[in-house]
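Note sheet for the following structure.
The values are calculated or read from the model by the stated rules, or taken from the named source; none is laboratory data. A quick note: this is a predicted structure, and the numbers were derived from the prediction, not measured. FYI the Cβ positions are ideal-geometry reconstructions off the backbone, even for glycines, and counts take in every protein chain you see.
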Amino acid sequence: MGTSSAFGGPAGNTPLVPSWLEPEGNISTASGLNGTAAPDGPIPPGPVPQPLPPLPPSADPGRFTIARTNLTHFASSGGQDRASLGRAVSTYVNTSMGGSRMASAHMGASRIVGGRLFSFLSDAVSKGSHEALRSLNLEELAGRPIEQVFVGLSDFLCPQGGSIDEGIARAAFIETITELAASGVANLDGLTTDQMQIVFELYATNAIEGRLCNDIGAKIVIMPSDADKASRVQEQLHDFIRRSVADALSKSPAAPSALTPDSVFAFVGNIYEHAFEILRIMGETEAETK
């Protein structure tokens, strides 16, 4: 499911929000220890160091179990057991992630890449593709097919990293490139606001799908041996997630054209949070359908 590098799923006691997403502590230094000369006479007591923030609490070791079991049932059914799909995604948001806000916070690298992508696309709409590329010192890509432009952008938007989170973000961007032609976005020149939202929708969908599959443990989910059934399972999960992202974008109170550079990342975070909440609601509704 998805193109993210699969692994056996994170350890159950992994914190819901990685420690690197928490604010750093503020430890003050005493007088005379910051590179300046110490004053003559007794050294006055320095400010009391502030304690480091506590480590994020360990999560329930079994928080992935129900979501993983239901996704396996859905996959084993060849896409027929939609109730299990609904239970898998709703339990993932509610139990595995601790709610839509925590799920959005867990999308660390994908939120950053999404913000960079949205900012670039917004510049391409408002200033033209050549100017948007020139601001990144990539003007040599101007006029090329959009797939080539996006390949050239990949190292700026999502540079290679060693963490799973960064791998998910980059894999989602590469998958988005492969989907551009089928989405009807064939040229960066003359990009419209609607096309900008389509590209972002594709990326956010791929990022959420990659995060969900890696968290649940793609190696544990048993896919049907029949290729057509396996494809149907993947397509249904992908479409389910894309509907939630599209609804989140359509219901956003902020007009993309009105966003400032400082507000883009908050906007992207809100879209992820709303998408997860819609995904939870859609999942619960699907789970009740017989």
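Give the residues of the stretch 92-120 that are charged (D, E, K, R) and farther than 19 Å from G167 by Cβ, sorted by residue number. Answer for the stretch 92-120, where residues must be charged (D, E, K, R) and farther than 19 Å from G167 by Cβ: just R101.
Looking across S231, S225, S244, one residue alone is among the polar types (S, T, N, Q), over 18 Å from E147 (Cα atoms) and not in a helix (DSSP H, G or I). It is S225.
Name the residue, out of S231, S244, that is more than 24 Å from Y272 (Cβ to Cβ), out of contact with any Asp or Glu (no Cβ under 8 Å at 6 or more places or on another chain), modelled with pLDDT of 85 or more and polar (S, T, N, Q).
On inspection, the qualifying residue turns out to be S231.
Checked against the criteria, E166 counts as under 30 Å from R101 (Cβ atoms), under 23 Å from the mean Cα position of the chain (by Cα) and in a helix (DSSP H, G or I). In this entry, R68 passes the filter for residues that are of a type in the set (D, E, K, R), modelled with pLDDT under 95, assigned to a helix (DSSP H, G or I) and under 25 Å from H274 (Cα atoms).
For the stretch 171-208, a residue qualifies if it is touching a Gly at 6+ places or on another chain (Cβ under 9 Å), surrounded by fewer than 24 Cβ atoms within 10 Å (Cβ to Cβ) and part of a helix (DSSP H, G or I), and the qualifying residues are A171, E175, Q195, I198, F200.
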